[in-house]
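What follows is a set of notes on a single structure, which appears directly below.
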Amino acid sequence: MIPTSTPRSDPRSNQLLATLPQEVWERWQPYLEPVDLVLGQVLSEAGRMSAYVYFPTSAIVSLLYMTEDGGSSEVAVVGKDGIVGISLVLGGNAMPNQAVVQSAGAGYRLRAGAVTSEVQRGGIVLQMLLGYAHSLMGQMAQTAACNRYYSIEQLLCRRLLLALDRVPSTALMMTQELLANLLGVRREGVTAAALKLQRAGVIRYQRGRIDVLDRARLSQRTGDCMGTAVAA
């Protein structure tokens, strides 16, 4: 097992692991390895196979589209709601996106072969993972639509809400530079949008930490961006 310095969380803090049938849980439990997921850690590279899939419990992982000139833009977010490596266990030959830890925390990893073997059995685990894959594709479609039609302030509000849904507090450790990279926009745009939200009393920003003071108003400021393409 990999030693961890982060307090070990219950594997079933991850929603997918929590829904496993008991017989599957008993097969997987001995092989689940607790891991610290460190800010900036690359869990998988685009176009390459990965030996493991990851189940975050308190960490957040960004799935990034990488351009030929080295640029990147976030297409989806994975936290305690899901799995990093869904394409591998559903028959993909390689990861389509780079997976990078965006918010440090705890998680568990499992060899991809163990999940693939379970998928080949069919039944509820396959259905569960197909359902998650569908929701992830919906999130990607939503991101594409929002990036095309919405303002930087609305994109920032949506991104903060996505993070809030995956952490146990209202405090987010995120720099403006990181947010600009995730959104694929200029840092100055994020700075202006964050300042506007702070002046309105929606957030408080200080030294890479964003405290959400009013989630309801944050949600209102997304327009309908959070609802775009959910049914896709």
Quiz item: Summing Lys, Arg as +1 and Asp, Glu as -1, what charge do residues with Cβ under 14 Å from the Cβ of Pro96 carry, Pro96 excluded?
Solution: -1
Quiz prompt | Cα gyration tensor of region 157-232 - equivalent ellipsoid semi-axes, whole Å, descending | solution = 18, 15, 13
Quiz prompt | Estimated [θ] at 222 nm from DSSP helical runs (n ≥ 4, -39500 (n - 2.57)) normalised by residues in the chain, nearest 500 | solution = -11500 deg cm²/dmol
Quiz item: Considering only protein heavy atoms, what per residue accessible area in square angstrom results for the chain with a 1.4 angstrom probe?
Solution: 49 Å²
Quiz item: Average projected area of the Cα convex hull of the chain, in nm²?
Solution: 12.7 nm²
Practice problem: Using every Cα-Cα pair within region 46-146, state what percent have a distance larger than 17 Å. | Solution: 53 percent
Quiz item: What angle, in degrees between 0 and 90 and rounded to the nearest 10, separates the Cα long axis of helix 187-199 from the longest principal axis of the Cα atoms of the chain?
Solution: 70 degrees
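Report relative contact order for the chain in percent, whole number only (criteria: Cα-Cα under 8 Å, sequence separation at least 6).
With pairs under 8 Å counted, the relative contact order is 20 percent.
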Quiz item: GluC sites (Glu not before Pro), restricted to region 49-140: which are DSSP loop and have at most 16 other Cβ atoms within 10 Å?
Solution: Glu68
Exercise. Using a 10 angstrom cutoff on alpha carbons, build the Gaussian network for the chain and name the most mobile of Glu177, Glu153, Glu23.
Key: Glu23
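The values are calculated or read from the model by the stated rules, or taken from the named source; none is laboratory data. Worth saying up front: this structure is predicted, and the values here are computed from it rather than measured. Positions of Cβ are generated from backbone atoms using ideal geometry, with glycine treated the same way; all protein chains shown enter the neighbour counts. Just so you know, the surface numbers come from the protein's heavy atoms only, side chains and all, with ligands and any DNA or RNA stripped out. Shrake-Rupley method; radii C 1.70, N 1.55, O 1.52, S 1.80 Å.
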